[in-house]
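The values are calculated or read from the model by the stated rules, or taken from the named source; none is laboratory data. Predicted model only: the values in this text are computed from it and were never measured. Neighbour counts run over all protein chains shown; Cβ positions are idealised from the backbone, glycine included. With ligands, DNA and RNA removed, areas are computed over all heavy atoms of the protein, side chains included. Shrake-Rupley method; radii C 1.70, N 1.55, O 1.52, S 1.80 Å.
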4 protein chains.
Amino acid sequence: MTIQAGILGATGYAGVELARLLLRHPGVRLAAVGSVSFEGKKLCEVYPSLRELCELECVDADEVVTKSDVVFAALPHGLSQDTAAACVGAGKKFIDLGADFRLDDAAEYEKWYGCEYKHPALHGQAVYGLPELFREEIRGKSVVGNPGCYPTSVALGLAPALRAGLAEPQGIVIDAKSGVTGAGRKTTQGTHFPECNEAFSAYKAACHRHTPEIEQTLSKMAGERATVTFVPHLLPVNRGILSTIYARMKPGATLEAARAAYEEAYRGERFVRLLPPGAGVDIRHVKCSNYCDIQLYADEHTGLLIVTSAIDNMVKGAAGQAVQNMNLLFGLPEETGIDMIPPAF
Amino acid sequence: MTIQAGILGATGYAGVELARLLLRHPGVRLAAVGSVSFEGKKLCEVYPSLRELCELECVDADEVVTKSDVVFAALPHGLSQDTAAACVGAGKKFIDLGADFRLDDAAEYEKWYGCEYKHPALHGQAVYGLPELFREEIRGKSVVGNPGCYPTSVALGLAPALRAGLAEPQGIVIDAKSGVTGAGRKTTQGTHFPECNEAFSAYKAACHRHTPEIEQTLSKMAGERATVTFVPHLLPVNRGILSTIYARMKPGATLEAARAAYEEAYRGERFVRLLPPGAGVDIRHVKCSNYCDIQLYADEHTGLLIVTSAIDNMVKGAAGQAVQNMNLLFGLPEETGIDMIPPAF
Amino acid sequence: MTIQAGILGATGYAGVELARLLLRHPGVRLAAVGSVSFEGKKLCEVYPSLRELCELECVDADEVVTKSDVVFAALPHGLSQDTAAACVGAGKKFIDLGADFRLDDAAEYEKWYGCEYKHPALHGQAVYGLPELFREEIRGKSVVGNPGCYPTSVALGLAPALRAGLAEPQGIVIDAKSGVTGAGRKTTQGTHFPECNEAFSAYKAACHRHTPEIEQTLSKMAGERATVTFVPHLLPVNRGILSTIYARMKPGATLEAARAAYEEAYRGERFVRLLPPGAGVDIRHVKCSNYCDIQLYADEHTGLLIVTSAIDNMVKGAAGQAVQNMNLLFGLPEETGIDMIPPAF
Amino acid sequence: MTIQAGILGATGYAGVELARLLLRHPGVRLAAVGSVSFEGKKLCEVYPSLRELCELECVDADEVVTKSDVVFAALPHGLSQDTAAACVGAGKKFIDLGADFRLDDAAEYEKWYGCEYKHPALHGQAVYGLPELFREEIRGKSVVGNPGCYPTSVALGLAPALRAGLAEPQGIVIDAKSGVTGAGRKTTQGTHFPECNEAFSAYKAACHRHTPEIEQTLSKMAGERATVTFVPHLLPVNRGILSTIYARMKPGATLEAARAAYEEAYRGERFVRLLPPGAGVDIRHVKCSNYCDIQLYADEHTGLLIVTSAIDNMVKGAAGQAVQNMNLLFGLPEETGIDMIPPAF
């Protein structure tokens, strides 16, 4: 059986990356691509890298839903909910790459995104799609909230330490750096080449919308309320997120115990690589792949555990993880279609 | 049947790119990787992007040959010939990514590379592996000289115009620009990040070793002696070559006639994309893929045909084309294992 | 006497670079900055690099003219002419960084820019401000057409060869590459960081507006009609232009004769550096300076003279040369305020 | 009186940047440049950006000392001490851009650098040259330990908060990012363009040699022992350091109080810019200048004060600050020769 897949928001960066992956997925046919801005235009006219590889024309959302068994939505927040409801009503799967199905708490969603949960029951059925942490909950679901890019890197970077009770869940500092594709396709002065190249800055310090999503997952891992200070930075590269995470070690915790906990947690995980001691995590080593690379350090004189965690923001941080979730929903081997080897350069 | 493939010079940039492609090739098993500098070390220790993806340890050349049905050599010039002879003697295929089997004329080779052809008979059996131009000659051969990166972009960019007698084969100007991986893995002052970033320069103006290779192919296409002025430049990007080619149009030649010739020549070619009028060739659109993108212009007031031709220097300009040649040698569909879609960014 | 200087279009890239230079010019006071888009806003709010260094608020054109002895205009083409006339009427100097006073021939201007010369008499009084070639004509003038960035690099790169009758003025090929600041401050999809970084392409091949300006100057140098094929490319760096120029050598011309002609032509020129044989021109070596670096090569087997010429497009290609022209107009030493040393990295 | 200045280690990155500044300093004559690796070669042959701007040939250390009133040393650690002693003995000034005169405690120096203090008395006379914090101690001294690049950004970023008792001096987290010139001129695999471009990684996490220097200054500011966790990262840009600093606010401390303390501390400081609320610090805004830009944030839900602090690592982080110290030693206005305006791009 071939899965008929559709993409809403296919002309955005996450959307086109998803199209690229689905076009090579052995169990999928890319059935329809939707775009409001480019309706009637071919996807390969917007992205010439796709010439001769995808002749699909952008259509409206209804047509995407009609033609698809699974609908991926890469839309601005607030716009996915009605389509999700329609999909579920029609027995289809819905994977949201936006923020509409990530937060459990409607009040938090309203506070940070300024929108309401329109279909509370639907939200009750949705699952947070971070397979390495919630694999069993994902299987069999119909609506998946695909995690944000930063939250993916942080959750994978800290989960074993919190689960094992080795790190304090309060006062965690997350200093994250993202490539410019994270800011999307829309041009802005800050992403205009001469003002972004040879530049580096923090943005939305301690007020980025991924903060509640990060705290939600870390709290689940710790079994108690976690609090973080989260400061993202814009890195002058196309792809990649590196999160440097600082957490106080609990009394008695050691670097050795932490390494053991991570090895145990990620043994057999296809897409998480705990690096050997002495090796450094680099966004370059995971580029264009679905990997998350992790390294651990301890600062003994201050008692901090330091974790570096790198992903490709467009793959494990968006489109790749969405395909991983699709594979889970449809019972395919989890790595199907996303087993790309990162290029060496 | 699975092809057992080996790589000599696997820790160089072309070598590791080849490893990456072969590891995902459905008809191949990467049987052995050879390296003089890193013998005894795992390839994934040299290139951490390969962690958990390739556990092969670097071995010596003999072991690579023994274990392989086909040997790829990505070695400094002069070092491939004996191994090629050994492979042929043992009934194996040999694909040379270096310069030892590219030139028909031993004297030219000696003049430009300062080495001799050690096995003249072997050279007589070798074929220049540019499938789009010499497909039928390649099938059934045992030794392939895989074309240089610049020559690939130029030959594909000019062949139809020369074959159709639309452009003069003398006095062609080739202004080519290559990403830094073309300079290889070895560190130099000129490729040290702070001296290469935000920099741009020509090098080996009118004296680069790819000149005779370019003229050899263009002469074959034109059916008469072609001469070129070739000036390469170093571009501060990792991957990609863009060649801008200037040729005098023959009397009566027009842009329309040229477009028709290129359409005809490349109809059905899986890896050459002639862009529609108005679209521009960009190295970004072919990155990490085996495509060659081509566009044509005419400068009516000076009578020049202008061709822009873009490839990924590491794929169509090296490892990808080598796999394409292997597929031809073994009777596999030509795109097997190299049908990567270039990422949009 | 302190020169009161004003800038129209101060919030564009050429405008703000000019502001930076004038703020450190020992004989100048930056009296007023004009901007249509940012009127009422401080220049340092638009460009935070200027914080605490320039408290000027953007005002309208009239106020700039009133407060200034010399007005620099960095405006879209067509918009400078009336202000130039007003300045001349009021006994002020006018230096246009746009294209309105570069072309001698009104018909060429209309053909390439789609605008008319409104004040023909004024154009008769204007001078093309390339000091190294037209120094004596510039002194004493009131209106200067500051050369385009590409034309500056090309004219300095070819003038000595053409004047000395060593190169044919017909059929010259100019393959030029410019940093992204050349495209200006306005955001576009093509200069959005993820689509410009790690990218490279030609644009406006054989149809760029600098073509007639280039041919005009080269024709003057050659004493006969010069024709060029001009293909610019977008380089993923902030600053710099490198032009690679290919011209047929006249019978009897040699590389040695060419070097001698260039040495003679540029002896004593403060801002042109003819490199010693063996050294390569790099945009890095002229960054943030008013230098033009030049190197010569000959391709003996095709008979071409090859010239590489590098400038900083924002300095010698725009703001620096404008200041050089101002110095000439006001009788100051030509290097005043523009003797910056390019940083090594 | 013109100061005769000499540079030891002039062919390193800090050395050549210093040469560039001194060549334009109105009170200085660059009298001699020293280099072990390039003795006998002109500095402008090593750095072609200096062509026609500096004809000095590299000489040995003795000659540099003999010809100079002030000697700047940009040498590997351990090599400055004897020359410093010789200079002091001869009544000359010595400014060390290396680490030999930064730490008060000989044991710390030995622990982190593996070298001994050879002339304890000399160290007693040396001063830590961070003018904004220790201006009065610097005047009249003969030996200056010019601060490290990271420590400069951190000390300026935290001093007011610690002095005012607003932040806890223990458990400070410093996540710092530096451009590649910080790694110096020597080529390495990690700074080879294709492995550094489009890459990002942490290095020497919690074990970088600047840690004790940072803690020393912060302890002085706090009046008690300060402890930090310091993790530097390599940023794929040429210049610039951005330090993101996380400190616990003391009970009762507020963002407003912090802003007031910083405004008070840096009122009148020529080279520190506290940005207005809402504006973001960017390494681009201080490039090629001696500025340190600072912004403050508070994370109310975790009680952290967050400081972003940006400098040009080669200017305020090395050569510019060295000149600032020289100006202090010789009684010149502090900004002499280092009042460069950062370019907008």
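For a distance above 12 Å, tell me the whole-number percent of Cα pairs in the range A:285-342 that qualify.
Pairs farther apart than 12 Å: 68 percent.
Taking springs between alpha-carbon atoms closer than 10 angstrom, which of B:Pro160, B:Pro131, B:Pro333 fluctuates most in the Gaussian network model of chain B?
In the Gaussian network model the winner is B:Pro333.
Over the Cα atoms of the range D:82-144, Rg to Rh with Kirkwood Rh, two decimal places?
Radius of gyration relative to Kirkwood radius: 0.96.
What are the semi-axes of the equivalent ellipsoid for the range D:14-75, taken as the square roots of 5 times the Cα gyration tensor eigenvalues, largest first, in whole Å?
Square roots of five times the eigenvalues give 16, 15, 10 Å.
Roughly speaking, what % of Cα-Cα pairs in the range B:15-129 are separated by over 21 Å, rounded to a whole number?
Every Cα pair in the range B:15-129 considered, those over 21 Å come to 41 percent.
Threshold 50 Å², probe 1.4 Å: give the residues of the range C:1-39, in number order, that are less accessible with all protein chains present than with their chain alone.
C:Tyr13, C:Arg20, C:Arg24
Which residues of the range C:311-341 bury at least 30 Å² of accessible area once all protein chains are present, versus their chain alone (1.4 Å probe)?
Those residues are C:Asp339, C:Ile341.
If I take the rotation axis that carries chain D onto chain A, which residue of chain D has the nearest beta-carbon, and at how many angstrom?
D:Asp175, 2
Using each residue's phi in the range D:228-244, evaluate 6.51 cos²θ - 1.76 cosθ + 1.60 at θ = phi - 60° and report the 3J(HN,Hα) Karplus result to the nearest Hz, with x for Gly and Pro.
Using θ = phi - 60°, the values come out as 9, 9, 10, 10, x, 10, 9, 9, x, 9, 6, 10, x, 10, 10, 9, 9 Hz.
Taking the label point as lying 7 angstrom from Cα along the Cα-to-Cβ axis, what are the distances from A:Glu39 to the corresponding position in the remaining copies, in ascending order and in nanometres?
Ordered by distance, the counterparts are at 3.9, 6.7, 7.7 nm.
Enumerate by residue number the trypsin sites (Lys or Arg not before Pro) in the range A:13-62 meeting two conditions: DSSP loop (anything except H, G, I, E, B), and at most 13 other Cβ atoms within 10 Å of the site's Cβ.
Passing both the DSSP loop test and the Cβ count: A:Lys41.
Whole angstrom only: what separates the Cα centroid of the range B:301-345 from the Cα centroid of the range C:267-344?
Cα centroid of the range B:301-345 versus Cα centroid of the range C:267-344: 39 Å apart.
Among A:Val46, A:Val33, A:Val272, which one shows the biggest mean-square fluctuation in a GNM of chain A, springs joining Cα atoms closer than 10 Å?
Maximum among the listed residues: A:Val46.
Pairwise over distinct Cα atoms, reciprocal of the mean inverse distance: report the Kirkwood radius of chain C in Å, one decimal place.
20.3 Å is the Kirkwood radius here.
With springs only between Cα atoms under 10 Å apart, run a GNM on chain D and tell me which of D:Gly98, D:Gly171, D:Gly129 wobbles the most.
Looking only at D:Gly98, D:Gly171, D:Gly129, the largest GNM fluctuation is found for D:Gly171.
Please give the total accessible area that chains A and B bury against each other, computed with a 1.4 Å probe and expressed in Å² to the nearest 100.
Roughly 3100 Å² of accessible surface disappears when A and B pair.
Can you list, shortest first and in nm, the gaps between the label point of A:Ala279 and those of its counterparts in the other copies, using a point 7 Å from Cα in the C-beta direction?
Output for A:Ala279: 4.0, 4.5, 4.5 nm, nearest copy listed first.
Using a 1.4 Å probe, what is the accessible area per residue for the protein assembly as shown, in Å²?
Normalised by residue count, the accessible surface of the protein assembly as shown is 31 Å².
Where the label is 7 Å out from Cα toward Cβ, how close does C:Glu110 come to the same position in every other copy, in nm, shortest first?
6.6, 6.7, 8.7
Read phi for every residue in the range C:186-200 and hand back ³J(HN,Hα) as whole Hz from Karplus 6.51 cos²θ - 1.76 cosθ + 1.60, θ = phi - 60°, with x for Gly and Pro.
Result, rounded to whole Hz: 5, 6, 9, 4, x, 10, 5, 3, x, 9, 10, 5, 6, 10, 6.
Could you check how much of the accessible area of the range A:204-332 is carbon and sulfur, as a whole percent, using a 1.4 Å probe?
Values: 1830 of 3500 Å².
For the range A:204-332, the apolar C and S fraction of the accessible surface comes to 52 percent.
Rg to Rh for the range D:121-206: what is it, with Cα atoms only and Rh by Kirkwood? The partial results should precede the final answer.
Details: Rg = 17.2 Å, Rh = 16.1 Å.
Rounded to two decimals, Rg/Rh equals 1.07.
Given all pairs of different Cα atoms, what value in angstroms does the Kirkwood hydrodynamic radius of the range C:216-286 take?
When all Cα pairs of the range C:216-286 are included, the Kirkwood radius is 15.0 Å.
Quick one: grab the alpha carbon gyration tensor of the protein assembly as shown, order the square roots of its eigenvalues as a ≥ b ≥ c, and give me rounded if a/c is under 1.5, else prolate or oblate depending on whether a/b is larger than b/c.
Because its axes are fairly even, with a/c under 1.5, the protein assembly as shown counts as rounded.
If I model a spin label as a point 7 Å beyond the Cα along the Cα-Cβ vector, how far apart are those points for A:Glu300 and B:Asp60 in nm?
Roughly 4.3 nm, to one decimal.
Please compute the modelled spin-label separation between C:Thr336 and B:Ser219, points set 7 Å along Cα→Cβ, answer in nm with one decimal.
Label at B:Ser219, label at C:Thr336, 6.1 nm between them.
Round to a whole number: what % of the accessible area of the range D:7-156 belongs to carbon and sulfur, probe 1.4 Å?
Carbon plus sulfur share of accessible area: 50 percent.
How many angstrom lie between the Cα centre of the range B:85-122 and the Cα centre of the range C:65-109?
Using only Cα atoms to place each centre, the spacing works out to 64 Å.
Would you calculate, for the protein assembly as shown, the mean residue ellipticity at 222 nm contributed by helices, counting each DSSP H stretch of 4 or more residues as -39,500 (n - 2.57) and dividing by all residues, to the nearest 500?
That comes out to -8500 deg cm²/dmol.
Pick out, in residue order, every one of the trypsin sites (Lys or Arg not before Pro) in the range A:206-309 that is DSSP loop and has at most 12 other C-beta atoms within 10 Å; say none if there are none.
Numbers: sites: A:Arg209, A:Lys220, A:Arg225, A:Arg239, A:Arg248, A:Arg259, A:Arg267, A:Arg270, A:Arg273, A:Arg284, A:Lys287; in loops: A:Arg209, A:Arg225, A:Arg239, A:Arg267, A:Arg270, A:Lys287.
Passing sites in the range A:206-309 are A:Arg225, A:Arg267.
Which whole-Hz ³J(HN,Hα) couplings does the range A:14-24 yield from phi under the Karplus relation 6.51 cos²θ - 1.76 cosθ + 1.60, θ = phi - 60°, glycine and proline marked x?
In residue order, the calculated couplings are 5, x, 6, 5, 4, 4, 4, 5, 5, 5, 10 Hz.
Where does the range D:161-272 land on Rg/Rh, using Cα atoms and the Kirkwood Rh? Working shown, then result.
Values: Rg = 16.7 Å, Rh = 15.9 Å.
Using Cα coordinates only, the ratio equals 1.05.
If you average over every viewing direction, what projected area does the convex hull of the Cα atoms of the range A:221-345 give, in nm²?
Answer in nm², one decimal: 9.5.
Counting only DSSP beta bridges with both residues in the protein assembly as shown, tell me the antiparallel percent, nearest 5.
DSSP beta bridges in the protein assembly as shown are roughly 45 percent antiparallel.
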